[in-house]
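Undergrad: I'd like to ask you about the structure that follows.
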Amino acid sequence: MGCPETFAKMPLYDNAKYLIRANLEECERGGKVRAVVIGHFTQAQYDAINAYRASVDLPRLESPEIVMLGSHLYRSRVTRDGYTIDDVMLQIESALADTAMALPTPRMTATRSTTLRADGYGNNVLDEAVYELTQRKPRAELFSVVPKGDTIKPPQKPAV
């Protein structure tokens, strides 16, 4: 099952950066966030995910659209690891690029950038987006991003 014309565009929708930042800033304020539609898988990513799922007798992903809440992502990358919201925005853009490759496995479904990115902390990383495929059916939820290769972490902020 292919998706309509959306496959011709970049995976992140035009308003995605605004929606992503708004949700992350709401998390920063301690507020409650709603799922927002931020983009879609490319045809190749969508096909790879569904081919893998079929090979292990899992239901196919019904829609290539991607939604995001951001609360887990914010807690993991900003609160725990010390990244800024701007850093997380770059990680998401990189991991959801049209050139990112799909990495479906028995434990998770992800896309990983294929281009090293200088993260501003002395590392060259490959950003990986991790998706949750059951909670927001028929769409995938961007659950987290991981900058693979970030051996030098951001400086930790003092506790308040």
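The values are calculated or read from the model by the stated rules, or taken from the named source; none is laboratory data. Just so it is clear, the structure is predicted and the values come from calculations on it, not from any experiment. As a convention, Cβ positions derive from the backbone with ideal geometry for all residues, glycine included, and neighbour counts pool all protein chains shown. The area values use the complete protein model at the heavy-atom level, side chains included, leaving out ligands, DNA and RNA. Shrake-Rupley method; radii C 1.70, N 1.55, O 1.52, S 1.80 Å.
Undergrad: For residues that are open to solvent by 60 Å² or more (accessible area, probe 1.4 Å) and touching a residue at least 12 places away in the same chain (Cβ under 8 Å), scanning just region 84-112, find the one that is farthest from GLY39 (Cα to Cα).
TA: PRO106
Undergrad: Of the conditions (1) open to solvent by 30 Å² or more (accessible area, probe 1.4 Å); (2) farther than 21 Å from TYR18 by Cα; (3) modelled with pLDDT of 95 or more; (4) under 15 Å from the mean Cα position of the chain (by Cα), LEU116 fails just one. Which one is it?
TA: Status for LEU116: all satisfied but (4).
Undergrad: I'd like to verify a number: residues in region 13-35 that are in contact with a strand residue (DSSP E or B) (Cβ under 7 Å, 6 or more places away or on another chain), open to solvent by 20 Å² or more (accessible area, probe 1.4 Å) and either of a type in the set (A, V, I, L, M) or within 19 Å of LEU133 (Cβ to Cβ) (or both), how many?
TA: Result for region 13-35: 2.
Undergrad: Can you name the residue in region 36-74 that is open to solvent by less than 40 Å² (accessible area, probe 1.4 Å) and of a type in the set (Ser, Thr, Tyr) and is also nearest to LYS137 (Cα to Cα) among such residues?
TA: SER63
Undergrad: I need the full set of residues from region 21-48 which are in contact (Cβ under 8 Å) with a residue 40 or more places away in the chain, part of a loop (DSSP other than H, G, I, E, B) and of a type outside the set (S, T, N, Q), in order please.
TA: Hits for region 21-48 are ALA35, PHE41.
Undergrad: Then there is this: Sort out which residues of region 119-143 are modelled with pLDDT of 95 or more and of a type in the set (A, V, I, L, M, F, W, C), and write them in order of number.
TA: Hits for region 119-143 are VAL125, LEU126, ALA129, VAL130, ALA140, LEU142, PHE143.
Undergrad: Check ARG77 against each of (1) out of contact with any Asp or Glu (no Cβ under 8 Å at 6 or more places or on another chain); (2) outside any strand (DSSP E or B); (3) closer than 18 Å to LYS17 by Cα; (4) open to solvent by less than 20 Å² (accessible area, probe 1.4 Å) and name the one condition it does not meet.
TA: (1) is the only condition that ARG77 fails.
The rows are residues; the columns are (1) in contact with a strand residue (DSSP E or B) (Cβ under 9 Å, 6 or more places away or on another chain); (2) assigned to a loop (DSSP other than H, G, I, E, B).
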site: LEU90; (1), (2): yes, no
site: LEU103; (1), (2): yes, no
site: ALA110; (1), (2): yes, no
site: GLY122; (1), (2): no, yes
site: ALA129; (1), (2): yes, no
site: ARG136; (1), (2): yes, yes
site: SER144; (1), (2): yes, no
